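The values are calculated or read from the model by the stated rules, or taken from the named source; none is laboratory data. All of these numbers come straight from a predicted model, not from anything done at the bench. Heads up, the Cβs are rebuilt from the backbone with ideal geometry, glycines too, and the neighbour counts pull from every protein chain shown.
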Amino acid sequence: MRLILGFLSGLTFGIGLVVSGMSNPAKVLNFLDVFGAWDPSLAFVMGGATLTAFVGYRLAWRQPEPVLTDSFDMPDTRKIDRPLLTGAALFGIGWGIGGFCPGPAWTSLPLLSPAILVFLPMMLVGLWLGAQLKSMPVVRGA
């Protein structure tokens, strides 16, 4: 059941990305081009997503436990640290250069455009490299 609901959630998200035009990297790049051909429509999509998530979390947190698992999977820290800021910056740089973030990248895969055929494998390599870096022991100076 969890797999089916996960599939349906992902499908709904993907359809929403395509319908809103957010799977088109030109739309994303135009949003980021504040001093050029700026397109504010992504802000409305993000605002709608934020509102939906806000209401959804409030409803979910009223439940004593999740429906499909034993406990809520919440972050164990609220600390804003160097790894968080570095990861966010790298994510933003990749988004700005490619015009894709992970969700829209996957919804664009059926188009088989050269951009997506380069972006997706490099995104997967980046995810793998990030996991490798994160698992490396931290060496502190003496």
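One table, with the values for the structure above:
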| quantity | calculated |
| --- | --- |
| Residue within the range 75-83 that is hydrophobic (A, V, I, L, M, F, W, C), under 30 Å from residue 3 (Cβ atoms) and either surrounded by 11 or more Cβ atoms within 10 Å (Cβ to Cβ) or under 19 Å from the mean Cα position of the chain (by Cα) (or both) present | no |
| Residue pairs meeting the criteria (Cβ under 7 Å; at least 6 apart or on separate chains; first surrounded by 12 or more Cβ atoms within 10 Å (Cβ to Cβ) and modelled with pLDDT of 80 or more, in the range 85-112; second hydroxyl-bearing (Ser, Thr, Tyr) and not in a helix (DSSP H, G or I)) | 104/23; 107/23; 108/23 |
| Residue count, the range 100-114 (criterion: touching a Phe, Trp or Tyr at 6+ places or on another chain (Cβ under 8 Å) and part of a helix (DSSP H, G or I)) | 3 |
| Number of the exception - residue 127 against (1) surrounded by 10 or more Cβ atoms within 10 Å (Cβ to Cβ); (2) touching a residue at least 12 places away in the same chain (Cβ under 8 Å) | (2) |
| Pair list, Cβ < 6 Å and 6+ apart or interchain, from the range 5-22 residues that are on the phi < 0 side of the Ramachandran plot and surrounded by 11 or more Cβ atoms within 10 Å (Cβ to Cβ) to residues that are among the polar types (S, T, N, Q) and part of a helix (DSSP H, G or I) | 14/107; 17/107; 18/107 |
| When residues of the range 33-46 are limited to those that are exposed (fewer than 15 other Cβ atoms within 10 Å of the Cβ) and of a type outside the set (Gly, Ala, Ser), the one nearest to residue 105 (Cα to Cα) | 46 |
| Total residues in the range 21-55, condition at pLDDT below 85, closer than 20 Å to residue 91 by Cβ and small (Gly, Ala, Ser) | 2 |
